[in-house]
1. Does residue B:294 satisfy the condition of being surrounded by 21 or more Cβ atoms within 10 Å (Cβ to Cβ), touching a Lys or Arg at 6+ places or on another chain (Cβ under 7 Å), among the hydroxyl-bearing types (Ser, Thr, Tyr) and at the interface with another protein chain (Cβ under 7 Å from one of its Cβ atoms)?
2. Right, residue B:105: within 13 Å of chain A (Cβ to nearest Cβ), surrounded by fewer than 16 Cβ atoms within 10 Å (Cβ to Cβ) and within 22 Å of residue B:306 (Cα to Cα) or not?
3. Being in contact (Cβ under 8 Å) with a residue 12 or more places away in the chain and part of a helix (DSSP H, G or I) is the filter here, so list the residues in the stretch A:190-213 that pass it.
4. Give just the number: which of (1) crowded, with 22+ Cβ neighbours inside 10 Å; (2) more than 20 Å from residue A:289 (Cβ to Cβ) does residue A:250 not satisfy?
5. Could you list, in sequence order, all residues of the stretch A:309-339 that are farther than 15 Å from residue A:152 by Cα, buried (at least 23 other Cβ atoms within 10 Å of the Cβ) and in contact with a helix residue (DSSP H, G or I) (Cβ under 7 Å, 6 or more places away or on another chain)?
6. Residues that are part of a strand (DSSP E or B) and within 14 Å of chain B (Cβ to nearest Cβ): does the stretch A:109-116 have at least one?
7. With the checklist (1) under 23 Å from residue B:40 (Cβ atoms); (2) assigned to a loop (DSSP other than H, G, I, E, B); (3) of a type in the set (A, V, I, L, M) in hand, flag the one item residue B:94 doesn't pass.
8. Out of B:95, B:86, I need the residue that is in contact with a strand residue (DSSP E or B) (Cβ under 7 Å, 6 or more places away or on another chain) and closer than 25 Å to residue A:286 by Cα. Which one?
Protein chains: 2
Amino acid sequence: MYKAKAYSAAGATAPLAGTTIARRDIAGHDVQIEILFCGICHSDLHQVRNEWKSVMPTVYPCVPGHEIVGRVTRVGSAVTGFKPGDLAAVGCMVDSDRTCPECQSGLEQFCPNGTLTYNSPDKHLGGVTYGGYSDSIVVDQRFVLQVPGNLNLAGTAPLLCAGITTYSPMRHWGVTKGKKVGIVGLGGLGHMGVKFAHALGAHVVVFTTSPGKKEDARRLGADEVVVSRHADEMQRHAGSFDFILDAVSADHDINAYIQLLRRDGNITLVGAPEKPLAVPVFGLIFKRRSLSGSPIGGIPETQEMLNFCGEHNITADVEVIPIQKVNEAYARLLKSDVKYRFSIDMASLKAE
Amino acid sequence: MYKAKAYSAAGATAPLAGTTIARRDIAGHDVQIEILFCGICHSDLHQVRNEWKSVMPTVYPCVPGHEIVGRVTRVGSAVTGFKPGDLAAVGCMVDSDRTCPECQSGLEQFCPNGTLTYNSPDKHLGGVTYGGYSDSIVVDQRFVLQVPGNLNLAGTAPLLCAGITTYSPMRHWGVTKGKKVGIVGLGGLGHMGVKFAHALGAHVVVFTTSPGKKEDARRLGADEVVVSRHADEMQRHAGSFDFILDAVSADHDINAYIQLLRRDGNITLVGAPEKPLAVPVFGLIFKRRSLSGSPIGGIPETQEMLNFCGEHNITADVEVIPIQKVNEAYARLLKSDVKYRFSIDMASLKAE
């Protein structure tokens, strides 16, 4: 065991503050990473504030963070894919049972015995896992990703959650050149959706409630921007989309988007509104449309996504902050006041 | 033009009563069919009573019926697939534009310019099309189906709507041997779903609110029957289904069934509850599940379904009634008092 610096919350209403945590010494398959940047995901805030207590109650102290990019400092004797000095990344998972059919298909995100990067039982040290708001982490090599050398690291961190969450459903539902793809909501997830859909060759339409976001949507790769409150603009696109990525986590009129799908079109939800959505059935029946959800991707697909980002030079648009501003960042996140993701520069933690 | 006997409704609250309607003389591609049996579909009742007035207002007089089986009496000079004396069937559609991409893919059910068997503009005679509660009909050969000679004709009629509506989504979502398939609701549609899923080789589980239906469900082909109000029985099947066909048209707890799907499982709605369904998003996200709808099938798939029924000797379980009892049958339909579909013996209309 060794000591690492971290930021943790002591309770659901406590601010995040500097602390020291224990990390395990590296074993044979482990990679020790000096964390350089960690993205702030809305999940971090939900977990820290115990807003998911019915499904995933928070154990305190809680060190959040699952959008981790850094540099390898040490590797175990059995590690083959990494050496000290390499760039490396860690996303939402740090382990799984590796034997179930999901793991054997490289779909660790569906493993019934997975270990999340934070707030999951830690089978090495007891207690729960601690995430990336820290200067160091030790992770089994199977859950460590390679990072292409050409990418901006601050903008790479959010790829590990916001990136894979939007990339995975597009690959799953066949987004390619020639497809018409809608992106609902231009936030942390949505802005990555636009970049991926564009890079995959699709015709990209962004739906937003804010006319002010039009220019930015185009800059990110949108071919068209529709203000979703304008019924006539919406109507013009009725029955025309192959795929829509819905990244809105507030309650909203899902039927307005279902009506925009063509025959066999799919709308996938990656935002998770608290209340059930009201889904009129006729809209699904008439054109054999489908509505689905999607979490993150598996490890192989996450690596594929990072490689794709390397080839297309895709990173998240981030506002880099020192960790001392994390509580302020959470407050701004609640107001959607960020373009489009916060990335914590962990040098600020070292200096503390 | 010639005169045909029929039963029609004069208004939304009027009972169906005997009348005479005009049918067109056969043209080159037309097939004239003496109707032997016509199934009663819940859609007939909705349309007759103008319950879909916001989307498909009813034009009166209305002659419903789109589950038609009969014998060819005359064919036009260009007809190649049928000759007088052949068995023939007609389902929910009697025409389409034939040129759109949907028609060219054999998916006429999605043609934006389709002509339904009743209550659609009739381009030959003006007014609207008249359905199968009649002793005769004239239909273009492209929309006339071949009927395998070994099937009971009264039970074949419902295949043209209830049959194809349940067969099509199972084929679309890949129901085969080795898959675990749920059927929700054991009515006109559901009982066909059980027969098809069983014949396709799946492990079939029927969900019903009525313990009294258990024995019948097994007779129809169910491997297991779950009383959906028993939470523990439901829980035992959590995360295990590849596909669920939901044939319930009343409001119900869709999430209870979404939770039963395995990763990438799909639940397809073929019943259409009036009110939107409440769909919690987490249930879709965690296992990348999907919820979809499905209407009838196209003409090629409808023929495939009839051939499949011939091979597996599948027909609907019907209660055969004379047309004079149609209003009584509608009243019973509202109470789900039929096992499992009414089929009108059109000999009763001839005798009138």
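The values are calculated or read from the model by the stated rules, or taken from the named source; none is laboratory data. Small disclaimer: the values here were computed from a predicted structure and weren't measured. For neighbour counting, all protein chains shown are included, and Cβ atoms are generated from backbone atoms with ideal geometry for every residue, glycine included.
1. yes
2. When the stated conditions are applied, residue B:105 passes them.
3. A:190, A:191, A:192, A:193, A:194, A:195, A:196, A:197, A:198, A:199, A:211, A:213
4. Answer for residue A:250: the failing condition is (1).
5. A:323
6. yes
7. Residue B:94 satisfies all of (1) under 23 Å from residue B:40 (Cβ atoms); (2) assigned to a loop (DSSP other than H, G, I, E, B); (3) of a type in the set (A, V, I, L, M) except (2).
8. Among B:95, B:86, only B:95 is in contact with a strand residue (DSSP E or B) (Cβ under 7 Å, 6 or more places away or on another chain) and closer than 25 Å to residue A:286 by Cα.
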